[in-house]
Amino acid sequence: RGTGKKIDFGTDAGKIIAKYQKQGEITSQREGTITKSISAMFKDLYTLLDTKAKIQKLYSFDKEIWEQLKAGEFIEVKGELSQSPVELLFSSISDFTNKYRPLIKSTDDQRTCLMIQTFFESSKVTVIIKPYTDDNLNFFSTLDKQFFLEDRYELEGEYLVFGRVKKIYTPYESVDLIKLLPGKMRMPKDQLMSMIQKTDDVPIDVGNITEDSFTLKGPAIKLTPFAIYQSE
């Protein structure tokens with residue numbers, strides 16, 4: 001019941017791979033003899049699912065369409081992407097420390113900066129997708145940074161996301177974004193807010209983060225992502 005125009009993957013396949021999955025010389029072998037690039041295999045998967053009408057395309061949809069979605073379904077959703085606020089805070093601190101560490105002369109201070117940078121680094125990035133609807137609906141997904149060809153800060157703005165519904169949160173549920181962090185980085189909200197207050201004199205742009213920013217309120221859907229991309 002999803003709505004929207006069909007995407008021509010003959011022209012967009014490269015963009016899909018460039019936005020989330022590695023491209024180039026990486027190939028996978030199938031049936032012992034056929035070798036295809038990840039880009040080609042992805043195109044095959046999408047074409048197969050699209051031909052069999054297995055993909056719900058949520059470019060513009062209403063609450064009724066949202067409520068009939070089920071775990072395991074393939075969807076393609078269009079919306080505004082943003083990083084999890086708590087991860088944005090941590091990555092900003094890590095990047096700032098990494099940028100200015102070479103300017104510090106003291107060996108001990110250098111070591112301290114490296115420890116700070118290492119602590120706040122994470123191999124995962126949680127993104128929140130706000131679809132274009134009149135209701136307060138959210139999608140979210142956790143991505144692996146090793147598959148990014150562009151800076152993670154570029155992964156904000158309007159994108160298409162192709163993935164599979166993993167879990168559905170009702171309007172009475174919420175997602176604790178802090179719990180999506182690696183164990184070493186999880187801390188109480190008041191401690192996080194204290195860190196934000198300490199960045200007032202440091203050129204770190206963390207936006208208007210409050211304690212409410214650390215919780216994603218339902219209804220929300222967690223996705224297993226296959227591709228994040230932009231279309232013409």
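Here are some residues: Lys166, Lys189, Lys198. Which one is of a type in the set (Lys, Arg) and at pLDDT 90 or above?
Working: Lys189 fails: at pLDDT 90 or above; Lys198 fails: at pLDDT 90 or above.
Answer to the check: Lys166.
Here segment 79-110 is the region considered, the condition is being hydroxyl-bearing (Ser, Thr, Tyr) and surrounded by fewer than 20 Cβ atoms within 10 Å (Cβ to Cβ), and the residue that is nearest to Tyr159 (Cα to Cα) is Ser82.
Okay, residues lined up against (1) outside any strand (DSSP E or B); (2) surrounded by fewer than 16 Cβ atoms within 10 Å (Cβ to Cβ); (3) more than 17 Å from the chain's Cα centre (by Cα):
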{"site": "Asp135", "(1), (2), (3)": "yes, yes, yes"}
{"site": "Gln146", "(1), (2), (3)": "yes, yes, no"}
{"site": "Glu158", "(1), (2), (3)": "no, yes, no"}
{"site": "Pro171", "(1), (2), (3)": "yes, yes, yes"}
{"site": "Lys179", "(1), (2), (3)": "yes, yes, no"}
{"site": "Lys184", "(1), (2), (3)": "yes, yes, yes"}
{"site": "Asp190", "(1), (2), (3)": "yes, yes, yes"}
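Every residue in segment 48-78 that is within 21 Å of Tyr229 (Cα to Cα), open to solvent by less than 70 Å² (accessible area, probe 1.4 Å) and out of contact with any strand residue (DSSP E or B) (no Cβ under 7 Å at 6 or more places or on another chain), please. Of everything in segment 48-78, just one residue is within 21 Å of Tyr229 (Cα to Cα), open to solvent by less than 70 Å² (accessible area, probe 1.4 Å) and out of contact with any strand residue (DSSP E or B) (no Cβ under 7 Å at 6 or more places or on another chain), namely Asp50.
Quick check on this structure: which one of Ile17, Ile93, Ile65, Ile7 is modelled with pLDDT under 70 and in a helix (DSSP H, G or I)? Quick ask: steps written out before the conclusion?
Working: Ile93 fails: modelled with pLDDT under 70; Ile65 fails: modelled with pLDDT under 70; Ile7 fails: in a helix (DSSP H, G or I).
Unique residue meeting the criteria: Ile17.
The values are calculated or read from the model by the stated rules, or taken from the named source; none is laboratory data. The structure displayed is predicted, hence computed values, not measured ones. So basically every Cβ, Gly included, is an ideal-geometry build from the backbone, and we count neighbours across all protein chains shown. All accessible areas refer to the heavy atoms of the entire protein, side chains included, with ligands and DNA or RNA removed. Shrake-Rupley method; radii C 1.70, N 1.55, O 1.52, S 1.80 Å.
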